[in-house]
Amino acid sequence: MHKKFEKIHTQKEYIELIDTICEHDRHYYDECKPVISDYEYDLLVKQAEAFEKEHPNLVLSYSPTQRVGEKPSKGFREGEHKVPMLSLANTYSKEEVQEYVERVHKLLEKEKVLFCVELKMDGTSISLRYEEGHFVRALTRGDGRVGDDVTANVKTIKSLPLKLFGKNIPAILEIRGEVFLTKKVFQQMNAQREEEGLELWANPRNAAAGSLKLLDPKEVAKRGLNIITYAIVEGGEGIKSQYEVNHHLHQWGLPAATARHLARCTTTEEIFHFADRIHKERDDLAFEIDGIVIKVDDLPSYQILGTTGKAPRFAVAYKFAPEQAVTKIEAISIQVGKTGVLTPVAELTPVHLAGSTIARATLHNEDEIKRKDIRVGDWVVVEKGGDVIPKVVEVDVKKRSPTAHVWKMPHRCPACETEVVRSEGEVAVRCPNPRCSARRYRRIAFFASKHAMDIEHLGDKVVEQLITKGLVSRISDLYTLDANVLAELEGFKEKSIHNLLSSIEKSKKCLLSRFLMGLQIKYVGEETGEALAEHASDLETLMRMKKEELLEIEGVGEKVATSIVEYFSDSNNLEEIHLLLKHGVAPKQPPKKKIEGHPFAHKTFVLTGTLAHYSRDEASLLIKERGGKTSSSISKQTDFLLLGTEPGSKYDKAKELGVAILSESEFEKML
Ligand code: IVH
């Protein structure tokens, strides 16, 4: 393993290096168990880049540097599917699954048939081709016979190996799978679109399909697509069962179903047992599924079973109906976001849905309300997919009362009464007043939240009180609060006042990247914030940077650079930054330090409660410098729980899972 940057000189060393990187990709994406730190990984990539720069003719097609290519000048080429891409027959009924199973027994003239049952991924299907183990082509389904060649875009998906490894890799391998987005990435994507006033993606499937069809691979790379494979259509000679297909795909380094997401069943009872378990676990999965796929396990039987019209008889999809409930819209209220976007929200008669009571559902924007003809007083069907926020599916027009009335977007902001604006080409309506109290509330709440400065004890409710009582009106006011002022807040006693003041104090020593998130510069999210902080290393430098300089930073394009320059030339923003610094906020971005061979190396930490001597950021940094990682949730993969005072539920979960628990003093000793 290469620990520090060493120049490589020979082609042999280069090939070995690329193979090592591919192996680490596999550990990271496929097994979720990286064996080296991100820092070490970046070093390897840098080594490869340096060699490639000097020997452009030796660059390997599967080098990680080759993932993001150039944009095709004339849209996508088309490609033919040698084996057509069919769709699946699907059903929502257990009876029909039973009938299907019986039919298969009859057609195969067997008493016992084995089925391989998998998750039905809710994405967009893709056909992938590997030649001599190298990824060469990806085609969308298209009309099933001819699809679009999206090779350059699929190459950007980091969990897809560009080169396979392991034993018995067929010379030609054509496989099928699904390109999808995790729920988290999907939500982030829509949150950003909402802020930019763009139309939202209806679901992760549309978002994945839309992203795959972007013309510029650089844009696709930013979308965070994911992939899973589940079928071999060419090159699987000798593989006898679907269960083995999954096994082989996995062995060759391809993301494929394993363990709890795969079952071999013979009876419908077993199939439904699996289906019911998956249905229960559905909300906890990182990605959306819309059911399960039941496949005959024995591959040679596929010939006998044949196809019906567009779907093969070897498989059927058993889909989960989304959980729905009927309730009434009592009112439509407006939520003003931190950038001033007005979002209409349905206030519902509370109703029980998929394990929780819901009283609100987002209506996204005015166009959406018009399209669905939603009126105040209407009875509506609400649905909860994998998403946390429930949505209004449709109106029960038959039940509409004569008093139900059409809703209109107000002309003025409900919080500050400024006239709202709707820019051309945007669906969003905005309050343009930067001093709007609702916007202020959102901005301050965001500043304090986990996404930015992570100030403990300063949750949304506290911010709301601070604003309505007139104690705070801008972010910098937070740093002027004292015990006397806080005593005015409801429920605030000596202890809670002390806690809040000490976490505000602690937040003064913060990372520049977090501070930048806190400033809420348009288009500057977590990743960009980190890239900026790392590049500039201090705020003053960043504030002085010209657009051309900003454009040199990875991940900063025209839109982002313009927004940053505009932000730092606005006198209100400059005044606010000046006040924050004056009150002692001191954002710093320490250079990446690396301590080798520390017991924290490759260990995953979760933090809970309040530490006496370190802010969360400081503790995380110390861990990372020593080669460890931090995560926000406890799982079997967690190595240590770092325990502060007043821990949350993570403490119980750690005990339950037998995760080692470190007190602050033990942590310090180990440091
Ligand atoms: S096998 C003949 N397995 O569902 C088609 N498909 O509704 C064989 N899908 O086009 C496909 N998860 O895009 C298969 N585990 C899985 C799947 C899966 C999702 C998609 C696929 C297919 C569609 C059919």
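Does residue 254 satisfy being away from the ligand (no atom under 14 Å from the Cβ) and of a type in the set (A, V, I, L, M, F, W, C)? Break it down into steps so the answer makes sense when it comes.
Numbers: away from the ligand (no atom under 14 Å from the Cβ): no; of a type in the set (A, V, I, L, M, F, W, C): yes.
In short, no.
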ask   = Is it true that some residue in the range 195-218 is touching a residue at least 12 places away in the same chain (Cβ under 8 Å), assigned to a helix (DSSP H, G or I), out of contact with any Phe, Trp or Tyr (no Cβ under 9 Å at 6 or more places or on another chain) and surrounded by fewer than 17 Cβ atoms within 10 Å (Cβ to Cβ)?
value = yes
query = Out of curiosity, is residue 245 crowded, with 18+ Cβ neighbours inside 10 Å, in contact with a Leu (Cβ under 7 Å, 6 or more places away or on another chain) and either free of Cβ contacts under 8 Å to residues at least 60 places away in the same chain or among the β-branched types (Val, Ile, Thr) (or both)?
reply = no
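Residues are listed down the side, and each one gets a yes or a no for (1) within 26 Å of the chain's Cα centre (by Cα); (2) within 13 Å of the ligand (Cβ to nearest atom); (3) part of a helix (DSSP H, G or I); (4) touching a residue at least 60 places away in the same chain (Cβ under 8 Å):
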residue: 273; (1), (2), (3), (4): no, no, yes, no
residue: 279; (1), (2), (3), (4): yes, no, yes, no
residue: 283; (1), (2), (3), (4): yes, no, yes, yes
residue: 295; (1), (2), (3), (4): no, yes, no, yes
residue: 303; (1), (2), (3), (4): no, no, yes, no
residue: 327; (1), (2), (3), (4): no, no, no, no
residue: 331; (1), (2), (3), (4): no, no, no, no
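Checking the conditions here, which among 404, 346, 359, 415 is in contact (Cβ under 8 Å) with a residue 40 or more places away in the chain and closer than 21 Å to residue 324 by Cβ? It would help to see each step written out before you state the result.
On the way: 404 fails: in contact (Cβ under 8 Å) with a residue 40 or more places away in the chain; 359 fails: in contact (Cβ under 8 Å) with a residue 40 or more places away in the chain; 415 fails: closer than 21 Å to residue 324 by Cβ.
Exactly one residue qualifies, and that residue is 346.
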Any hit, the range 73-82, residues being within 16 Å of the ligand (Cβ to nearest atom), closer than 21 Å to residue 294 by Cβ, surrounded by 14 or more Cβ atoms within 10 Å (Cβ to Cβ) and touching a residue at least 24 places away in the same chain (Cβ under 8 Å) = no
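Considering only residues that are part of a strand (DSSP E or B) and among the basic types (Lys, Arg), look in the range 338-385 and name the one that is nearest to residue 520 (Cα to Cα).
Taking the range 338-385 first, the residues part of a strand (DSSP E or B) are 341-353, 356-362, 375-376, 379-384.
Filter once more, so that each one left must be among the basic types (Lys, Arg): 360, 375, 384.
Working: 360: 27, 375: 35, 384: 30 Å.
The residue in question is 360.
State yes or no: is residue 127 under 25 Å from residue 214 (Cα atoms), within 14 Å of the ligand (Cβ to nearest atom) and loosely packed, with under 15 Cβ neighbours inside 10 Å?
no
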task = Taking residue 343 as meeting all but one of (1) surrounded by fewer than 18 Cβ atoms within 10 Å (Cβ to Cβ); (2) under 24 Å from residue 393 (Cβ atoms); (3) out of contact with any helix residue (DSSP H, G or I) (no Cβ under 8 Å at 6 or more places or on another chain); (4) not aromatic (Phe, Trp, Tyr), write down the number of the exception.
result = (3)
request  = Run residue 62 past the list (1) more than 27 Å from the chain's Cα centre (by Cα); (2) away from the ligand (no atom under 16 Å from the Cβ); (3) more than 30 Å from residue 269 (Cβ to Cβ) and report the number of the one that doesn't hold.
outcome  = (1)
message = What pairs come out if I take residues in the range 609-634 that are among the β-branched types (Val, Ile, Thr) and pair them with residues that are assigned to a loop (DSSP other than H, G, I, E, B) and modelled with pLDDT of 85 or more whose C-beta lies under 6 Å away, six or more apart or interchain?
response = 610/644; 623/600
inquiry  = Tell me whether the range 162-174 contains one or more residues that are more than 21 Å from residue 212 (Cβ to Cβ), within 16 Å of the ligand (Cβ to nearest atom) and surrounded by 17 or more Cβ atoms within 10 Å (Cβ to Cβ).
reply    = no
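Could you check the range 91-156 for strands (runs of 3 or more DSSP E) lying wholly inside it with 3 or more residues that are touching a helix residue (DSSP H, G or I) at 6+ places or on another chain (Cβ under 9 Å) and hydrophobic (A, V, I, L, M, F, W, C)? First the steps, then the outcome.
Details: elements: 115-121, 124-131, 134-140, 146-148.
Output list reads 115-121, 134-140.
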inquiry  = So residue 240 ticks every box in (1) more than 15 Å from the ligand (Cβ to nearest atom); (2) closer than 17 Å to residue 158 by Cβ but one. Which box is left unticked?
reply    = (2)
message = Being in contact with a Ser or Thr (Cβ under 7 Å, 6 or more places away or on another chain) and either in a strand (DSSP E or B) or touching a residue at least 12 places away in the same chain (Cβ under 8 Å) (or both): is that true of residue 600 here?
response = no
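The values are calculated or read from the model by the stated rules, or taken from the named source; none is laboratory data. Note that the structure is predicted; figures quoted are calculated from it, not measured. Positions of Cβ are backbone-derived with ideal geometry, glycine not excepted, and every protein chain shown enters the neighbour counts.
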